[in-house]
Amino acid sequence: MIVSPFSLAPVKKSNIIHFTELNVNRIQALTDSVFAIVITILSLALVVPPGENEHNLRSFMLDQIIPKLFIFFLGFIVVGAFWVDTHFNHHHMVKTNIFSIWLNIFFLMFICLIPFSSGFLANYLYTTISVIVYSINLILVSILHLAMLIYSWEKKFIDPNVDKSLYHNMCWRIILPTIIYILIIPLAFLEKSWVVYLFIAPLFFQILFGRANRANQK
């Protein structure tokens, strides 16, 4: 029996690369790199002028450095919380496409603006415009983050083992802080010093929902 040589060549359909479905690892690497740089840049606003005497230095510490340290810690934790959410969401993603990647890039673009808005808030701590700029920055980051998650869910890019309750938990982990950031904007016009401290509140939602996420996975 004569065997055709064409029949000896196996057809490896699994090796076909679809441009619409791309590997998640590259966008994860880019995201981690951007977050690492942003967290580092946040500390650059902490500058102590040289040549000051002890009295002036003490006044400078109380008037400038301590408020800026608070904003630095706030910004560091906020960026860290976004990274935790992103890491958690990427952990459950099995694939992506070009549109999802561009959503992630725009998300990272506004992440890169956090050192600017954070520095603006540190230099003009109790002014209305600085609080609004910081709020808008975090709102845009949150909206794009939520858009990435919803799009991935609708396109079934998320691991099938993730059930709907965990998906809703992931969404609310983003939505609740965003609501607070939106509410801070009208409150900023009161020009009260306590308004700045409302930026701490969303972190509690993220921590609480983070615990719920871990509980659901067990």
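Okay, here's what the table says:
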{"quantity": "Gained length - Leu69 relative to Leu198, 0.36 nm times residue gap less alpha-carbon distance", "calculated": "44.8 nm"}
{"quantity": "Full-extension gain in nm, Leu187 to Ile98, via 0.36 nm per residue minus C-alpha separation", "calculated": "28.2 nm"}
{"quantity": "Gain on full stretching of the segment that runs from Cys112 to Asn25 - 0.36 nm per residue minus C-alpha separation", "calculated": "29.3 nm"}
{"quantity": "3J(HN,Hα) from dihedral phi, region 123-133, Karplus parametrisation 6.51/-1.76/1.60, rounded to Hz, x for glycine, proline", "calculated": "7, 10, 4, 10, 8, 4, 5, 5, 5, 5, 4"}
{"quantity": "Residues with amide H under 5 Å from that of Ile158, placed H, sequence gap 5 or more", "calculated": "Val94"}
{"quantity": "Translational D in µm²/s for region 49-167 (Stokes-Einstein at 20 °C, 1.002 mPa s, Kirkwood Rh from C-alpha pairs)", "calculated": "129 µm²/s"}
{"quantity": "Hull volume in cubic angstrom per residue (convex hull over the Cα atoms of region 61-107)", "calculated": "57 Å³"}
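Throughout, read-outs are computed from the coordinates displayed, never taken from laboratory work. Model, not experiment: these values are computed from the prediction.
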